[in-house]
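**Student:** Take this structure, written in structure tokens, and hold onto it; I'll ask about it next.
The values are calculated or read from the model by the stated rules, or taken from the named source; none is laboratory data. Here the structure is a predicted model, which is why all the values come from computation and not from measurement. In this analysis, Cβ positions are derived from the backbone assuming ideal geometry, glycine residues included, and neighbour counts consider all displayed protein chains. Surface areas here come from the heavy atoms of the whole protein model, side chains and all, with no ligands, DNA or RNA. Shrake-Rupley method; radii C 1.70, N 1.55, O 1.52, S 1.80 Å.
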Amino acid sequence: MGMTMSQKILAYKAGMDSVKPGDLIQAKLDMVLANDITAPVAINEFEKADFADVFHKDKIALVLDHFTPNKDIKAAEQCKQVREFADKHDITHFYEGGNVGVEHALLPEKGLVAPGNLVIGADSHTCTYGAVNAFSTGIGSTDMAVGMATGMGWFKVPAAIRFNLTGKLSKNVSGKDLILYIIGKIGVDGALYRSMEFTGEGVHSLTMDDRFTIANMAIEAGAKNGIFEPDDIMKAYVEEHAAVEYQYFYPDADAEYEQTIDIDLSKLAPQVAFPHLPENTKTIAEAEAMNIKIDQVVIGSCTNGRISDLEIAANILKGKKVKRGVRVMVLPATPKIYMEAMMAGYLQTFMDAGCVIGPPSCGPCLGGHLGILAKGERCVSTTNRNFVGRMGHTESEVYLASPAVAAASAVAGIICGPDSL
């Protein structure tokens, strides 16, 4: 029986000729990741188990991105604990302050994750790195502690769903719209503990930023991971960024999938996920017909805080003003992206329009800080989750959308697409 991309990577890292869905394996890790929320729990478990040292100081990344700059005393204490652990064990990839970025944008940018890598992270959106043909998945903080100490992890080999992409995305339609469409189609548990594997000639029309967005939200369909088949666009990105060893993995011709879903990208329209689940998707036309007034817009996060996202939003906002009564937060995902946006004039465009520019941070995405919602308020956000109370009060509402829809909605004061401005 042939293997999928994910199964091949797991077999290789486990030192096995082949694996099949349901197998329990132990495999070598290439990167272990945590942030300022999850790392302290892992560190406590690490020390409770009396581990003497980490398995490899270059293969652990600690990124203080969630509640930073420190929003309160508890956040400051958590960051201090992680900082002291990083110093004690001489962790190479420790990021905070002016060096910190949203972890799932920062690691690919620095080339710390690459094709064929096996990556675990104590954050559910670690699945982002499948955009570069890595097997990456979120784990708990206890597993993180063991991974930091031993460099090994236990995995149950997932079955797979193949997404066969054809055609090209239309104007103002992006990777965010594709993944929202998929989640709306299969549901938040439609790929439960499955590998979402993206193949087909349509992949070649997707930018790397599109792919990062799509892989990032695989977990929102319940998937173990999301992964893209290599092509020339991916290879060009990897050659420019990779700072670690890598190897490309392709699916076997006779790989077995539980299901194959065919999607013609040219037929997709902008999507909006309504509260309180990412599966509650509607087309932009359906959303516009409801005339939904909004109070806040967030453009950023590990899902849509990259330079192309900011470019899209800035082009829509240029020469316009944010609707009176609407607050707009823009958070570039990394310092490099922040500088690129500044040099390109995007930050001035945002400020001229009436937006607030925040530091590279997860900020409001998880209701952390920098944009908490009050009771009854509605927000259009380029982030990845819209659960009850996700961004503040339990009676607030979050609508997930692309940077194009978010920027247009900021101008209109209601949910709408750029073609309606």
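**Student:** So if I restrict to the alpha-carbon atoms in the range 271-420, what is the Rg, and what is Dmax, the biggest pairwise distance, in Å?
**Tutor:** That works out to 13.7, 39 Å for Rg and Dmax.
**Student:** Same structure again: Please give the FRET efficiency for Ser170 paired with Asp23, using the beta carbon to beta carbon distance and R0 = 56 Å, rounded to the nearest 0.05.
**Tutor:** 0.85
**Student:** Please work out, to two decimal places, the log10 of the ratio I(q)/I(0) at q = 0.21, 0.30 Å⁻¹ from a Debye calculation in which every Cα of the range 80-135 carries one identical scatterer.
**Tutor:** -0.87, -1.22
**Student:** At a Förster radius of 45 Å, what calculated FRET efficiency corresponds to the Cβ-Cβ distance of Ile261 and Lys318, to the nearest 0.05?
**Tutor:** Between Ile261 and Lys318 the formula returns 0.75.
**Student:** Label Lys57 and Glu77 with points 7 Å out from Cα along Cα→Cβ: what is the distance between them in nm?
**Tutor:** 2.9 nm
**Student:** Going through the range 354-421, which trypsin sites (Lys or Arg not before Pro) have at most 11 other Cβ atoms within 10 Å and a DSSP loop state?
**Tutor:** Listed in order of number, the matching sites are Lys375.
**Student:** Ok, one more. Could you pull the Rg and Dmax for the range 150-264, using just the Cα atoms, both in Å?
**Tutor:** Cα-based Rg and Dmax for the range 150-264 come out at 14.4, 48 Å.
**Student:** Right, something else. What does the helix-only formula give at 222 nm for the chain: each DSSP H stretch with n ≥ 4 adding -39500 (n - 2.57), the total divided by the residues, and the result rounded to the nearest 500 deg cm²/dmol?
**Tutor:** After summing the helix terms and dividing by the residues of the chain, the value is -9000 deg cm²/dmol.
**Student:** In the chain, what percentage of the DSSP-assigned beta bridges are antiparallel, given to the nearest 5?
**Tutor:** Around 20 percent of the beta bridges assigned by DSSP in the chain are antiparallel ones.
**Student:** Could I ask something else about it? Compute log10 of I(q)/I(0) for the chain with the Debye formula, placing one identical point scatterer on every Cα and leaving out solvent, at q = 0.13 Å⁻¹, to two decimals.
**Tutor:** Treating every Cα as an identical point scatterer, log10 I(q)/I(0) equals -1.09.
**Student:** Full-extension gain between Gln348 and Lys88, please, as 0.36 nm times their residue separation minus the C-alpha to C-alpha distance.
**Tutor:** Working it through step by step, the gained length comes to 89.5 nm.
**Student:** Then there's this: Carbon and sulfur: what percent of the range 191-277's accessible surface (1.4 Å probe)?
**Tutor:** Carbon and sulfur atoms account for 47 percent of the accessible area of the range 191-277.
**Student:** How big is the charge dipole of the chain about its Cα centre, in debye rounded to the nearest 20, if each Lys and Arg gets +1 on its Cβ and each Asp and Glu gets -1 on its Cβ?
**Tutor:** On the way: 38 positive and 51 negative charges, 242 e Å.
I would put it at about 1160 debye.
**Student:** Just to be sure I understand the curve: with the Debye formula and one point per C-alpha of the range 330-369, what is log10 I(q)/I(0) at q = 0.20, 0.21 Å⁻¹?
**Tutor:** Values returned for q = 0.20, 0.21 Å⁻¹ are -0.59, -0.64.
**Student:** Could I ask something else about it? For the range 328-421, with every protein chain kept in place, what is the accessible area per residue (1.4 Å probe, Å²)?
**Tutor:** With all protein chains present, the range 328-421 gives 33 Å² per residue.
**Student:** A further question on this structure: Tell me the carbon and sulfur percent of the accessible area for the range 376-421, rounded to whole percent, probe radius 1.4 Å.
**Tutor:** Carbon and sulfur atoms account for 45 percent of the accessible area of the range 376-421.
**Student:** Using only C-alpha atoms and all pairs of different ones, pull out the Kirkwood radius for the range 5-107 in Å with one decimal.
**Tutor:** On the way: mean 1/r = 0.0655 Å⁻¹.
The answer is 15.3 Å.
**Student:** Oh, and also: Regarding the range 46-153, what are the three Cα extents along the principal axes, ordered largest first, in Å?
**Tutor:** Sorted largest first, the three principal extents are 39, 31, 22 Å.
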